[in-house]
Every structure is written in structure tokens, then in C-alpha cells.
Amino acid sequence: VFDEIFVPQSVMDEINQELLDVGINSSKRATIGRSKDGYYSYEFSDEDILNHRKFLLRLKEFITSKTTVVPVSEALSIDKQRLSEFSKVLGDSALDSILVAKEKDALLYADDLAINEIAKNDWDVGSIWTQIIVSYLRQNDLLSENEYHEKIFKLVIANYEFLTYQLGNFIWAIEHNS
């Protein structure tokens, strides 16, 4: 589907740091946050932590074997003040991903609408997101109809917002989850 996938070095650094943190602080982890329904807290079980570590290892393997990890050369040509402001808002990995996409004249892959809008409006970088890729794969018979509906259902379960639904998605979900 893609000729080449570029990943900024900072993303790899963040994954490696998280793997270190999970290894060092594997006994207890918790998070607090806020959603549209209010505040919440969650304490991660040992199984949650193990699954998170396995996920990070699979992600690292994918990046290492299937992508090209690149420096963010574009950052050298941008005012430090501007970089700092965007980094505070987006985080280093998101900003670096936008800059790599700009430098490589590539699409940014991001499921975050705000990041996609900032990429387009401030950096003139186009983007794609998971549902677009899944739809493309289905339209080109790289996914079966069943696989397509399963992927869309997983996006719903993962609380993705701004999904486009078709009647077939609802029928599939009812048939497979009743």
C-alpha cells in the first residue's frame, strides 16, 4: 500500500524510553485523566503492564523491520521559538512526524483530528487516518468484507470519534456481537 513509511527518530526514542520505564516501574502504575464524562482513575494490573510491554515490543519490531527511521532535518531550518511553541502543544513525536512528512513530501498518518488540522493549516502537510486506510484496503480487495467490518468495529470499540458508518457496519456488528 505504501512505497515507504518514515518514522522520526524521536518516536523510536519515546518507545525505547517507555520500554525502560515499564521495565523499571513494572510493579505499580496508574493513570488519572478527564474525558467528556468526567474525571477517572485507573490502576494497571500486572497483566495490563505485561500486555503494554508486549505491544511496545511489537511496535518497535514493526518500526525496525518495516519502516525507515529518519532524523528530522527540517527542524534545522525552522525558528527555535516556533518549534518550541508547537512542541509544547503537540509533543515532540507529533511535531517531528509532521516535519518528516513535510520534508519527505509524504502524507502524515495520524488518527488525531487536531494534529491533522495543524499539519495542514500550519505546515501544509496532508494526512490520512486509519479508517481511510481500511477503506482503501477494502476497495482494492486487500481486505475481505468481513475483515473490513471487523476493523471498523474495532475502531468503534477503541472510542474513535468522527468515523463514517455504513449500514453494513451496523448489520455486521449486530450479527457478530449478539
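The values are calculated or read from the model by the stated rules, or taken from the named source; none is laboratory data. Computed from a prediction, not measured in an experiment: that's the story for all the values here. With ideal geometry, Cβ positions are generated from the backbone for all residues, glycine too; neighbour counts draw on all protein chains shown. Heads up: the accessible areas ignore ligands, DNA and RNA and are worked out on the full protein's heavy atoms, side chains in. Shrake-Rupley method; radii C 1.70, N 1.55, O 1.52, S 1.80 Å.
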- If you take the residues in the stretch 120-129 that are open to solvent by less than 40 Å² (accessible area, probe 1.4 Å) and in a loop (DSSP other than H, G, I, E, B), which one is nearest to Ile78 (Cα to Cα)? Val125
- Within the stretch 1-26, track down each residue that is touching a residue at least 60 places away in the same chain (Cβ under 8 Å), open to solvent by less than 90 Å² (accessible area, probe 1.4 Å) and either not in a helix (DSSP H, G or I) or not polar (S, T, N, Q) (or both). Ile5, Phe6, Val7, Pro8, Val11
- the stretch 133-152 - residue that is aliphatic (A, V, I, L, M) and closer than 22 Å to Thr67 by Cβ and, of those, surrounded by the fewest Cβ atoms within 10 Å (Cβ to Cβ): Leu142
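Per-residue answers, yes or no, for (1) surrounded by 11 or more Cβ atoms within 10 Å (Cβ to Cβ); (2) assigned to a helix (DSSP H, G or I):
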residue: Leu50; (1), (2): yes, yes
residue: Glu61; (1), (2): no, yes
residue: Leu83; (1), (2): yes, yes
residue: Ala94; (1), (2): yes, yes
residue: Ala106; (1), (2): yes, no
residue: Asp111; (1), (2): yes, no
residue: Ile118; (1), (2): yes, yes
residue: Gln131; (1), (2): yes, yes
- Candidate set: the stretch 27-45, residues that are modelled with pLDDT of 85 or more and not in a strand (DSSP E or B); chosen: the one least open to solvent (accessible area, probe 1.4 Å): Ser45
